[in-house]
Amino acid sequence: MKCANCGGVMNVVDTRTPDEDGFTNGYKMVDKAINWYCYDYRIRRRKCQKCGRSTVTLEIAFDDFKGALREAEQGNWNTD
């Protein structure tokens, strides 16, 4: 993955899954946004080798993503 800031290479610093202890520390918003639909996803923290910029990516299966979008479009977006 390339850095949006400088084009350098982004390294994975940390990977978390919802079933890990302490997962929601710092990732509550992401968990709330996708956990209503699927539980099989990963959050990866990445850091650029060149400029040091950090970013977080959310990885889910494409079919789960399509299903979540379909449900949200039908008004079934439940984050309570």
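Throughout, read-outs are computed from the coordinates displayed, never taken from laboratory work. Model, not experiment: these values are computed from the prediction. Note that each Cβ is placed from the backbone with ideal geometry, even for glycine, and that neighbours are counted across all protein chains shown.
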Q: Please compute the net charge surrounding residue 47, taking Lys and Arg as +1 and Asp and Glu as -1 over other residues with Cβ under 11 Å from its Cβ.
A: +4
Q) Once both labels are modelled 7 Å past Cα along the beta-carbon direction, what's the residue 69-residue 12 spacing in nm? A) 2.4 nm
**Q.** Ranked packing of 42-52, 65-75, 9-19, most packed first, by mean Cβ within 10 Å
**A.** 42-52, 9-19, 65-75
